[in-house]
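Written out below as structure tokens is the structure these notes cover.
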Amino acid sequence: MDGYLGTYHSFETASKRDAAVLFGSDNIVGDSYQLDFSYDEDMHQAWLVSRFNERIGYFKGDFARKLSVYKANGSVMVVLLAFVAFSESRDDGQYWGNAAVICYPPDYEEAFGPFVAKVTDRLRNGLRTKLDLSDDELRQIIKSNGTDLPIETVPLPDKEKGTVIVKSRESFKESLIEQARKGNKGCYFVSWAFLLALVALLIFGLHSCGLF
């Protein structure tokens, strides 16, 4: 199918301070991002913008330029947070991330909407769905209107020396917070109870160690 793109691609963060937002509940693995394109100092950049209107990082170079072409062609563009990592070897220590990128013609929304939903759900559970699909797999999705979906899983990329993946799935706490945002008041109270229990456990531990 012409006009389809499915891949995992790493993005940079502007600074350690800017990267800090990636560790909070405002950015959960599986979250969707808009792209904001810019051209600065002879470099194409495609900024990932969160649902809270924060720039969390950017694709650069040829990949950013490629995405700008898909946008110009009117493609539906989906960007989902896949993981967050830290590398000691990058600029004296740098946080960066990886995202699932899916682009397809808007005429196929009915078929690819369920596929994106499945990819999102699997990412939240730490599973990376294969996105580089063959022509037969694409036809299978379109023919079934998204009911017959490939669910092959691909591994995490090989890690560089000194690199650790620090966030690769939705945590229990993030799940509770997300449910609370959707209006589930029970989860809201459970999430606060969970956080208070952690604080109480920490205080008890410090007291047991004789620190106060």
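A few comments on the model shown:
- Beta carbons closer than 6 Å, at least 6 apart along the sequence or on distinct chains, pair a first residue in the range 132-155 that is outside any helix (DSSP H, G or I) with a second that is loosely packed, with under 11 Cβ neighbours inside 10 Å for Asn145/Glu110.
- Among the residues of the range 58-83, the ones that are modelled with pLDDT under 95 and closer than 22 Å to Val21 by Cα come to 1 in all.
One line per residue, one yes/no per condition, for (1) touching a residue at least 60 places away in the same chain (Cβ under 8 Å); (2) surrounded by 17 or more Cβ atoms within 10 Å (Cβ to Cβ); (3) on the phi > 0 side of the Ramachandran plot:
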| position | (1), (2), (3) |
| --- | --- |
| Thr7 | yes, no, no |
| Ala19 | yes, yes, no |
| Ser50 | no, yes, no |
| Ala64 | no, yes, no |
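- None of Val101, Val79, Val84 is surrounded by 16 or more Cβ atoms within 10 Å (Cβ to Cβ) and either of a type in the set (D, E, K, R) or closer than 13 Å to Ile165 by Cα (or both) except Val84.
- Of the criteria (1) in contact with a helix residue (DSSP H, G or I) (Cβ under 9 Å, 6 or more places away or on another chain); (2) at pLDDT below 90; (3) among the hydrophobic types (A, V, I, L, M, F, W, C), which one Leu133 fails: (2)
- If only residues of the range 57-73 that are small (Gly, Ala, Ser) and assigned to a helix (DSSP H, G or I) are counted, the one that is farthest from Asp36 (Cα to Cα) is Gly61.
- Qualifying residue in the range 37-47 (condition: touching a residue at least 40 places away in the same chain (Cβ under 8 Å) and closer than 24 Å to Glu170 by Cβ): no
- Selection within the range 75-104 - out of contact with any Asp or Glu (no Cβ under 8 Å at 6 or more places or on another chain) and not in a strand (DSSP E or B): Ser75, Glu88, Arg90, Asp91, Asp92, Gly93
- Selection count, the range 26-48, where residues are over 12 Å from the mean Cα position of the chain (by Cα) and either surrounded by fewer than 16 Cβ atoms within 10 Å (Cβ to Cβ) or in a helix (DSSP H, G or I) (or both): 7
- Qualifying residue in the range 161-177 (condition: of a type in the set (Phe, Trp, Tyr), more than 22 Å from Asn73 (Cα to Cα), at pLDDT 85 or above and outside any loop (DSSP other than H, G, I, E, B)): no
The values are calculated or read from the model by the stated rules, or taken from the named source; none is laboratory data. Values in this document were obtained by computation on a predicted structure and should not be read as measured data. Positions of Cβ are backbone-derived with ideal geometry, glycine not excepted, and every protein chain shown enters the neighbour counts.
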